[in-house]
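Structure record follows, encoded as structure tokens.
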Amino acid sequence: MLNELRPALVLAVLLAAITGLAYPLAMTGAAQALFPVQANGSLVEKNGTVIGSALVGQAFTGEGYFHPRPSATTGADPADPAKSVPQPYNASNSMGSNLGPTNPALVERVSADLDRLKAENPSAAVPVDLVTTSGSGLDPHITPAAALFQVPRVARARGLAPDAVKALVEARVEDRTLGVLGEPRVNVLALNLALDALPRR
């Protein structure tokens, strides 16, 4: 019987060593050697302190900052851990909204966002990504149109010339990956960091 078991046991140990140790170590080593920034989470630092990741959105709410698209992620309710509450950009619970297009809560939220954005910039159409959530709830990017829509508010709040803020946005537009994948986009965290670096009037 041992003769029949030995090949199976040897193969199980060998496969465990290859797939459980050798392969992960090789991939980790290759990633660290070839793509160290991406392999470590694309972390963004400011003055030596990690302030976020280029791959995960953050909730910027100040008038002097560009705002990301809404997030539908949730987290545990501090008052009752058995329940969940909205927790935008919760990276430990990536998810989209399960609300259908006729759901009253979704309609109310989108309508309120539309009214607020129309009051913020009455002369422009509201880009759809400023009122809709992404599938992950963690999208760090907005469309160039969504960034340009916010230029008047940001310029007013910071006392900057709108043309200077617009030029900053246009300089931060990322093209399609490899020229064909995805759409042009603007990383909100990178844009806000560049904005903070501008001298105020």
Look at the range 93-128 and say how many of its residues are acidic (Asp, Glu) and touching a Pro at 6+ places or on another chain (Cβ under 9 Å). 2
Within the range 77-111, which residues are over 16 Å from the mean Cα position of the chain (by Cα) and assigned to a loop (DSSP other than H, G, I, E, B)? 78, 79, 98, 99, 100, 101, 102, 103
Condition set within 15 Å of residue 65 (Cα to Cα) and basic (Lys, Arg), scope the range 149-201, selection modelled with the lowest pLDDT: answer is 200
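Quick check: is even one residue across the range 180-199 small (Gly, Ala, Ser), part of a loop (DSSP other than H, G, I, E, B) and within 22 Å of residue 44 (Cβ to Cβ)?
Looking through the range 180-199, at least one residue is small (Gly, Ala, Ser), part of a loop (DSSP other than H, G, I, E, B) and within 22 Å of residue 44 (Cβ to Cβ).
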Mind listing whichever residues of the range 112-150 are surrounded by 13 or more Cβ atoms within 10 Å (Cβ to Cβ), under 13 Å from the mean Cα position of the chain (by Cα), over 20 Å from residue 165 (Cβ atoms) and not charged (D, E, K, R)? 133, 134, 136, 137, 138
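On the basis of being in contact (Cβ under 8 Å) with a residue 60 or more places away in the chain and of a type in the set (A, V, I, L, M, F, W, C), does residue 154 make the cut?
yes
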Quick test of your reading of the structure: residue 4 fulfils all but one of (1) surrounded by 10 or more Cβ atoms within 10 Å (Cβ to Cβ); (2) more than 30 Å from residue 193 (Cβ to Cβ); (3) of a type in the set (D, E, K, R). Name the failing condition by number. (1)
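Every residue, every condition in (1) out of contact with any strand residue (DSSP E or B) (no Cβ under 8 Å at 6 or more places or on another chain); (2) closer than 24 Å to residue 150 by Cα; (3) modelled with pLDDT of 90 or more, yes or no:
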| site | (1), (2), (3) |
| --- | --- |
| 64 | yes, yes, yes |
| 81 | yes, no, no |
| 86 | no, no, no |
| 109 | yes, yes, yes |
| 124 | yes, yes, yes |
If you go through 52, 62, the only one that is loosely packed, with under 13 Cβ neighbours inside 10 Å, in contact (Cβ under 8 Å) with a residue 24 or more places away in the chain, closer than 24 Å to residue 143 by Cβ and assigned by TED's automatic domain parsing to the domain that holds residue 161 is 62
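The values are calculated or read from the model by the stated rules, or taken from the named source; none is laboratory data. It should be emphasised that the depicted structure is a prediction, and the values quoted were computed from it without experimental measurement. Methodologically, a virtual Cβ is constructed for each residue, glycine included, from the backbone with ideal geometry; neighbour enumeration extends over all protein chains shown.
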